[in-house]
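Below is one structure, written out as structure tokens; comments come after it.
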Amino acid sequence: MMRKSALLALVGSAAAFAPAAMPSLRSTNAASCMQMQADGVSRRDLLSGLAAAAVVAAPALANADTEYANIPFLGGSDQVDVNNANIRVYTRFPGMYPTIAGLMVKNTPYKDTADIKTKLFPKLTPKMQEIYMKYDKNLIALKPAPEFVEDIWNNGLYR
């Protein structure tokens, strides 16, 4: 929302200085100019004030937390975060998806990888345990982030 406001303020300030060759951006109607002058505020002063507000807001936009530091563990690296990654990430590991992956996602959150074995192994067959152990080194358990836990079952991507 702040980005849109800042962009709108910048576009508005640029329109105030538009060349006369673009009549859609500059009003030549004397009545509208006189109305704004009668109110005591010129259009140029108003738009330059908005531009100043955008400049003041820019540092706040730069400090915004825009990226989750553990994005690579959601499927973009060899290791997968079992607490935040979507169930479809496990398709990278043959044999894990859908059964083992479904059980893993169903029993989240995990404190660490040992906790995964404690919660999961009683529900797995010996063959499933063998498949899990094959990829155990690729799994990590990071702190659950609400914005990713929400989409752990369905990330809304359909083919």
Of the residues Y97, Y110, Y68, Y90, which is open to solvent by less than 50 Å² (accessible area, probe 1.4 Å), free of Cβ contacts under 8 Å to residues at least 60 places away in the same chain, in a loop (DSSP other than H, G, I, E, B) and within 21 Å of E150 (Cα to Cα)?
Y110
Do we find that L103 is touching a Lys or Arg at 6+ places or on another chain (Cβ under 7 Å) and surrounded by 15 or more Cβ atoms within 10 Å (Cβ to Cβ) in this structure?
yes
Of the residues N63, N84, which is at pLDDT 80 or above and polar (S, T, N, Q)?
N84
Test: Y132 is aromatic (F, W, Y) and open to solvent by 80 Å² or more (accessible area, probe 1.4 Å):
no
Could you list all residues from region 141-156 that are β-branched (V, I, T) and open to solvent by 30 Å² or more (accessible area, probe 1.4 Å)?
V149
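The values are calculated or read from the model by the stated rules, or taken from the named source; none is laboratory data. None of the values given here were measured: they were computed from a predicted structure. Backbone-built Cβ (ideal geometry, glycine too); neighbour counts: all protein chains shown. Note: areas computed on protein heavy atoms with side chains; ligands, DNA, RNA excluded. Shrake-Rupley method; radii C 1.70, N 1.55, O 1.52, S 1.80 Å.
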